[in-house]
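Here the structure comes first, spelled out in structure tokens, and everything after it is commentary.
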Amino acid sequence: MEFAFYFSAGIAVLATLRVVTHTNPVHALLYFIISLLAVAMCFFSLGAPFAGILEIIVYAGAIMVLFVFVVMMLNLGSSTMAQERQWLKPGIWFGPAALSLVLLIELLYVLFSSDVTATITGESVDAKAVGVHLFGPYLLAVELASMLLLAALVAAFHLGRPEAKELS
Amino acid sequence: MSWLSPEMADIVIQILKSLVIMLAVVVCGALLSWVERRLLGLWQDRYGPNRVGPFGAFQLGADMVKMFFKEDWNPPFVDKLIFTLAPVVAMSALLIAFVVIPVTPTWGVADLNIGLLFFFAMAGLAVYAVLFAGWSSNNKFALIGALRASAQTLSYEVFLGLSLMGIVAQVGSFNMRDIVDYQAQNVWFIIPQILGFATFFIAGVAVTHRHPFDQPEAEQEIADGYHIEYAGMKWGMFFVGEYIGIVMVSALLVTLFFGGWHGPFGLLPEVPFLWFALKTGFFIMLFILLRASLPRPRYDQVMAFGWKVCLPLTLINLLVTGALVLAAQ
């Protein structure tokens, strides 16, 4: 199981790197989908099949469809690729990358200095256990998230109502 | 023969069974292209393809020879990587989803605890075939088809998932074999979950992009939509993928609502595969009959129907089922 975890985690990191460095927006989104699938595989190998399959359904199956939809509508052509290439000059990405490297070193230091001995045991958490936890100790977080989504829904409805189009 | 230990033999047998199921699904999908044309012809008072072999049964062979020897042409303006990837996704996504279908008590590829969710995931990924094909073709009609497909997807995917949650609430499991066993012990879900069946059937037709939800490839308005630039075997993969989707959704309807491999009233438990095949065949015929008889609505009508009729129906179904399950405890 550890092999499966590191294998899919490696694919996720590589695919995400290509999302950042690719100049064609739709190809970058394709790599993003692969990255999400690889993260889902990480969940599977850690023994959380419910979280993994939800990652595919919600992120790869629904949210990314919206992303691809919008990018397709914009019909970004070769001018965007030229602009992306402009932005990917070493002088621009060197500063953020160096700062991120410092953070990565700090993360690695924290990970290796603390003696956490958690290992991948291969036992799987079923959907029932996830539900019991969500609606038990984490009920407040679920309710807050639902309120946030409701607010977003009301805002979207307000922007999309027929009268808004007539006024403009 | 020292390597042939009992465990090894089990693994080999399981792999062979999986291969047989996969081949059977693909062959069924391919043969459906002839069955559909023939049946449409007969219902419309003409013969359909009846020249090759007895009753035209070898038409599939003639079609395959034609498609394999056609030039596999990529137009110069397409995005080659995504153009090639789209038909692969179209054919494989719903074929992979078939692994969760329990065909008989002993036959079936994977017995997943999250079986039903696995189908949702694969149905969600199947959309990318249409989206990528439409975008990479670099063609107005293909792009319009892809836009219609994504708009449609956003409206049917919500009630596709919610329509089956009543079943999950009653069984208490996402596992397909648990669902079939529950139906054998109690009653087929077509009776207590009739609203779920109606909405899931509509969503299932939409998943396969079949008539009357084939706005992405409406021939009359946008000349075959997303696969307008495809030729040869790439086009054939879209074609076979659509029929595999029909087989897949029919098998899923049988498993979820019509007791899977069980006969009505416990009749003839010796022939589980026969019951499964008969019921699946019935739904495949229903898919073809729908195409022969219904006109195609506009795609904004489809979206309005999805959000304003099907979504409230599934929510009411889920609420009532949840209340009854709680009351029974």
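Here each label is just a point 7 Å from Cα along the line to Cβ, and for B:ILE191 and A:LEU148 those points are 4.6 nm apart. Residues whose amide H falls under 5 Å from that of B:GLY108, counting only those 5 or more places apart or on a different chain, are B:VAL103, with hydrogens built in the peptide plane. The mean sequence separation of alpha-carbon pairs under 8 Å and at least six residues apart, normalised by the residue count of chain B, gives a relative contact order of 24 percent.
How would region B:71-126 be classified by its alpha-carbon gyration tensor: rounded, prolate or oblate, with rounded meaning a/c under 1.5 and the a/b versus b/c comparison settling the rest? Cα axes put region B:71-126 in the prolate bin. Modelled spin labels at B:ALA223 and B:ALA292, positioned 7 Å past Cα toward Cβ, are 3.1 nm from each other. Number of Lys-Lys pairs in the protein assembly as shown with C-alpha atoms under 26 Å apart and a separation of 8 or more places or on different chains: 10. When the Cα convex hull of region B:75-328 is projected onto planes of every orientation, the mean area is 13.7 nm². If R0 is taken as 35 Å, the Cβ-Cβ distance between B:ARG46 and B:VAL20 corresponds to a FRET efficiency of 0.45.
Here is what passes the span test in chain A: the DSSP H helices with alpha carbon length of 18 Å or more along the helix axis and a Kyte-Doolittle mean of 0.5 or above are A:2-21, A:25-45, A:90-113, A:139-160.
The listed residues B:TRP275, B:TRP107 rank as B:TRP107, B:TRP275 when sorted by accessible area, largest first, using a 1.4 Å probe. At q = 0.25 Å⁻¹, what base-10 log of I(q)/I(0) does the Debye formula yield for region B:246-285 when every alpha carbon is treated as an equal point scatterer in vacuo? So the normalised log intensities work out to -0.73. Rounded to the nearest 500, the 222 nm mean residue ellipticity of the protein assembly as shown from helices alone is -23000 deg cm²/dmol, with -39,500 (n - 2.57) taken per DSSP H run of at least 4 residues.
Look at the stretch B:145-151: the mean tally of other chain Cβ atoms within 10 Å of its residues' Cβ atoms is 2. Normalise the Debye intensity by I(0) for the protein assembly as shown, one equal point scatterer per Cα, no solvent, then take log10 at q = 0.05, 0.10, 0.12 Å⁻¹ and round to two decimals. Debye intensities relative to I(0), on a log10 scale: -0.22, -0.92, -1.31.
Sites listed here are chymotrypsin sites (Phe, Trp or Tyr not before Pro) in region B:26-63 whose DSSP assignment is loop and whose Cβ has at most 13 other Cβ atoms within 10 Å: B:TYR47.
The rule of thumb for compact globular proteins, 2.2 N^0.38 Å, goes into the C-alpha radius of gyration of region A:1-122 1.28 times.
Peptide A:26-32 has a mean shielding of 3, counted as Cβ atoms of other protein chains within 10 Å of each residue's Cβ.
Taking a span of 15 Å or more along the helix axis (Cα atoms) and a mean Kyte-Doolittle hydropathy of at least 0.5 as the rule, the DSSP H helices of chain B that qualify are B:6-43, B:59-69, B:80-97, B:115-136, B:140-163, B:194-207, B:232-257, B:272-293, B:311-328. Its relative contact order, with pairs defined as Cα atoms under 8 Å and 6+ residues apart, puts region B:187-323 at 33 percent.
Summarising the label geometry, the points placed 7 Å from Cα in the beta-carbon direction at A:GLU2 and A:PHE157 lie 5.2 nm from one another.
What Kirkwood radius, in Å to one decimal, follows from the Cα pairs of region B:1-88?
About 17.0 Å for region B:1-88.
Once C-alpha pairs closer than 8 Å and six or more residues apart are averaged by separation and normalised to the residue number of region A:16-129, the relative contact order reads 34 percent. Stretching the chain fully between A:ILE105 and A:LEU134 yields a gain of 7.1 nm (0.36 nm per residue, less the alpha carbon separation). Amide H contacts of B:ASN175: B:GLY115, each under 5 Å away and 5 or more positions distant or on a separate chain (H built 1.01 Å from N in the peptide plane; Pro and chain starts excluded). Calculated FRET efficiency, B:GLU71 to A:VAL125, Cβ-Cβ distance, R0 = 45 Å: about 0.30 to the nearest 0.05.
The values are calculated or read from the model by the stated rules, or taken from the named source; none is laboratory data. Here the structure is a predicted model, which is why all the values come from computation and not from measurement. Cβ sites come from the backbone with ideal geometry, for glycine too, and all protein chains shown count toward neighbours. Note: areas computed on protein heavy atoms with side chains; ligands, DNA, RNA excluded. Shrake-Rupley method; radii C 1.70, N 1.55, O 1.52, S 1.80 Å.
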